[in-house]
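I have placed the structure first, in the form of C-alpha cells, so that the comments after it can refer back to it.
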Amino acid sequence: QIQLVESGGGLVQPGGSLTLSCAVSGIVFRFYDISWHRQAPGKQREWVSSVTSGGRSNYADSVKGRFTVLRDNAKNTVYLQMNSLKPEDTAVYYCFISSLSLWGQGTQVTVSS
C-alpha cells in the first residue's frame, strides 16, 4: 500500500519557521517527482513547490526565497523548510505524487500572532 504522511505543521508567529515532512512508503521513492500544495480556507488548492527525482526544485512566486524543498532518498522523505512565514501562508499543506495521483492527508500550518 502506498502512503504519503505529512507532519510538522503547527502554530507559528509571523516571521517564524517550520519544517514539514512527507514520509512516503510503498514505492521506490527515488524514482518519483514530489510536490507540495496548500489550501487555505475558502480558496482552491495551489501548488507551492516541487522536487524532481533528480533533485531539481521549483517554487511558486509567493514562496520563492522563503521556502526550500529537499528530499532524502535514504529516508523516503521530502521536506519543506518554511522561513519568514506570513499570515497568508496559513493553509493545510499536502504532498502529492502526480504520476500516481496520490495525496497525503495534509498538515495544518497556522501563522498568527
Name every residue in region 45-100 that is surrounded by 14 or more Cβ atoms within 10 Å (Cβ to Cβ), of a type in the set (Lys, Arg) and without any contact (Cβ under 8 Å) to a residue 24 or more places away in the chain, in order of residue number.
Arg66
Do we have Gly9 as surrounded by 16 or more Cβ atoms within 10 Å (Cβ to Cβ) and either under 16 Å from Tyr93 (Cα atoms) or within 13 Å of the chain's Cα centre (by Cα) (or both) here?
yes
Say we look at region 12-33 and pick out the residues that are in contact (Cβ under 8 Å) with a residue 60 or more places away in the chain and surrounded by fewer than 18 Cβ atoms within 10 Å (Cβ to Cβ); which of these is nearest to the chain's Cα centre (by Cα)?
Thr19
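Is it the case, given these coordinates, that Trp36 is at pLDDT 95 or above, among the aromatic types (Phe, Trp, Tyr) and open to solvent by less than 50 Å² (accessible area, probe 1.4 Å)?
In short, yes.
To keep it simple, each residue is scored yes or no on (1) at pLDDT 95 or above; (2) touching a Gly at 6+ places or on another chain (Cβ under 6 Å); (3) of a type in the set (A, V, I, L, M, F, W, C).
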site: Trp47; (1), (2), (3): yes, no, yes
site: Thr68; (1), (2), (3): yes, no, no
site: Pro87; (1), (2), (3): yes, no, no
site: Val92; (1), (2), (3): yes, yes, yes
site: Ile97; (1), (2), (3): yes, no, yes
Can you work out which of the residues in region 101-113 that are more than 11 Å from the chain's Cα centre (by Cα) and among the β-branched types (Val, Ile, Thr) is surrounded by the fewest Cβ atoms within 10 Å (Cβ to Cβ)?
Thr110
Within region 40-75, work out how many residues are within 22 Å of Val111 (Cβ to Cβ) and in a loop (DSSP other than H, G, I, E, B).
13
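The values are calculated or read from the model by the stated rules, or taken from the named source; none is laboratory data. Keep in mind that this is a model prediction, so the values were computed, not measured. Cβ sites come from the backbone with ideal geometry, for glycine too, and all protein chains shown count toward neighbours. Side chains are part of the model used for accessible areas, which takes the heavy atoms of the whole protein and leaves out ligands, DNA and RNA. Shrake-Rupley method; radii C 1.70, N 1.55, O 1.52, S 1.80 Å.
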